[in-house]
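Working notes, beginning with the structure itself.
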Amino acid sequence: MTRLMLALLLTAFAIGSAAAQAPGTCENKAIGKDGRELAGAARTAFLTKCKREACAPKAVGSDGKPLKGAAKNSFMAKCVKEQA
(Lines give C-alpha, C1' and ligand atoms only; values in the text may rest on other atoms or scores of the structure.)
Protein backbone atom coordinates (compact mmCIF):
# COMPACT_ATOMS: atom_id res chain seq x y z
CA MET A 1 0.00 0.00 0.00
CA THR A 2 2.80 2.43 0.85
CA ARG A 3 4.52 1.64 -2.46
CA LEU A 4 1.35 2.53 -4.33
CA MET A 5 0.99 5.81 -2.46
CA LEU A 6 4.64 6.66 -3.08
CA ALA A 7 4.25 5.90 -6.78
CA LEU A 8 1.15 8.08 -7.01
CA LEU A 9 2.87 10.92 -5.19
CA LEU A 10 5.92 10.80 -7.48
CA THR A 11 3.70 10.66 -10.55
CA ALA A 12 1.74 13.68 -9.35
CA PHE A 13 4.92 15.69 -8.87
CA ALA A 14 6.24 14.65 -12.29
CA ILE A 15 3.03 15.67 -14.04
CA GLY A 16 2.84 18.93 -12.08
CA SER A 17 6.36 19.97 -12.97
CA ALA A 18 5.85 19.03 -16.63
CA ALA A 19 2.68 21.11 -16.79
CA ALA A 20 4.43 24.08 -15.20
CA GLN A 21 7.02 24.04 -17.98
CA ALA A 22 4.61 24.42 -20.88
CA PRO A 23 6.98 24.96 -23.80
CA GLY A 24 4.78 27.32 -25.80
CA THR A 25 4.16 29.99 -23.19
CA CYS A 26 5.58 33.47 -23.55
CA GLU A 27 7.16 33.30 -20.09
CA ASN A 28 9.32 30.36 -21.18
CA LYS A 29 10.35 32.15 -24.38
CA ALA A 30 11.58 35.25 -22.51
CA ILE A 31 15.27 34.47 -22.93
CA GLY A 32 17.91 36.91 -24.14
CA LYS A 33 20.53 36.35 -26.84
CA ASP A 34 23.04 35.31 -24.20
CA GLY A 35 20.78 32.49 -23.00
CA ARG A 36 19.75 34.11 -19.72
CA GLU A 37 16.24 35.03 -18.68
CA LEU A 38 15.10 38.56 -19.50
CA ALA A 39 14.39 40.85 -16.56
CA GLY A 40 12.78 44.22 -15.91
CA ALA A 41 11.57 46.37 -18.79
CA ALA A 42 12.96 44.02 -21.45
CA ARG A 43 10.91 41.12 -20.03
CA THR A 44 7.77 43.24 -19.79
CA ALA A 45 8.12 44.46 -23.38
CA PHE A 46 8.81 40.95 -24.66
CA LEU A 47 5.81 39.46 -22.85
CA THR A 48 3.50 42.20 -24.13
CA LYS A 49 4.64 41.69 -27.72
CA CYS A 50 4.52 37.91 -27.46
CA LYS A 51 0.96 37.88 -26.10
CA ARG A 52 -0.19 40.37 -28.74
CA GLU A 53 1.33 38.26 -31.52
CA ALA A 54 -0.27 35.11 -30.12
CA CYS A 55 -3.72 36.73 -30.21
CA ALA A 56 -3.51 38.43 -33.62
CA PRO A 57 -4.22 35.33 -35.77
CA LYS A 58 -7.27 34.53 -33.63
CA ALA A 59 -8.94 37.89 -34.36
CA VAL A 60 -11.36 36.52 -36.94
CA GLY A 61 -15.09 37.06 -37.06
CA SER A 62 -17.74 34.36 -37.36
CA ASP A 63 -17.82 34.94 -41.12
CA GLY A 64 -14.11 34.14 -41.42
CA LYS A 65 -13.01 37.70 -42.12
CA PRO A 66 -10.45 39.53 -39.95
CA LEU A 67 -11.91 41.78 -37.28
CA LYS A 68 -11.44 45.53 -37.65
CA GLY A 69 -11.83 48.63 -35.52
CA ALA A 70 -13.52 48.44 -32.14
CA ALA A 71 -14.33 44.73 -32.46
CA LYS A 72 -10.65 43.91 -33.01
CA ASN A 73 -9.55 46.18 -30.15
CA SER A 74 -12.04 44.56 -27.79
CA PHE A 75 -11.07 41.05 -28.83
CA MET A 76 -7.33 41.77 -28.54
CA ALA A 77 -7.73 43.32 -25.07
CA LYS A 78 -9.71 40.29 -23.85
CA CYS A 79 -7.32 37.79 -25.43
CA VAL A 80 -4.17 39.44 -24.04
CA LYS A 81 -5.79 39.61 -20.61
CA GLU A 82 -6.59 35.87 -20.75
CA GLN A 83 -3.01 35.05 -21.78
CA ALA A 84 -1.79 36.25 -18.39
Problem set entry | Residue selected from segment 43-56 under the condition basic (Lys, Arg) and within 26 Å of LYS68 (Cβ to Cβ), by the criterion surrounded by the most Cβ atoms within 10 Å (Cβ to Cβ) | LYS51
Exercise. Applying the selection to segment 57-84, what residues are in a helix (DSSP H, G or I), of a type outside the set (D, E, K, R) and open to solvent by 100 Å² or more (accessible area, probe 1.4 Å)?
Worked result: ASN73
Problem set entry | Criterion: out of contact with any Pro (no Cβ under 9 Å at 6 or more places or on another chain) and modelled with pLDDT of 90 or more - qualifying residue of ALA77, ALA7, ALA14 | ALA77
Exercise. Out of all the residues in segment 32-84, which are without any contact (Cβ under 8 Å) to a residue 24 or more places away in the chain, among the hydrophobic types (A, V, I, L, M, F, W, C) and out of contact with any helix residue (DSSP H, G or I) (no Cβ under 6 Å at 6 or more places or on another chain)?
Worked result: ALA39, ALA41, ALA42, ALA45, PHE46, ALA56, VAL60, ALA70, ALA71, PHE75, ALA77
Problem set entry | Those residues of segment 21-56 which are in a helix (DSSP H, G or I) and among the β-branched types (Val, Ile, Thr), in sequence order | THR44, THR48
For this session: For GLY40, indicate whether it is at pLDDT below 85, closer than 27 Å to ASN73 by Cα and surrounded by fewer than 10 Cβ atoms within 10 Å (Cβ to Cβ).
Result: no
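The values are calculated or read from the model by the stated rules, or taken from the named source; none is laboratory data. Keep in mind it's a predicted model, so treat the numbers as computed, not measured. All Cβ positions, even for glycine, are placed from backbone atoms using ideal geometry, and neighbour counts span all protein chains on display. These area figures cover heavy atoms from the full protein model, side chains too; ligands, DNA and RNA do not enter into them. Shrake-Rupley method; radii C 1.70, N 1.55, O 1.52, S 1.80 Å.
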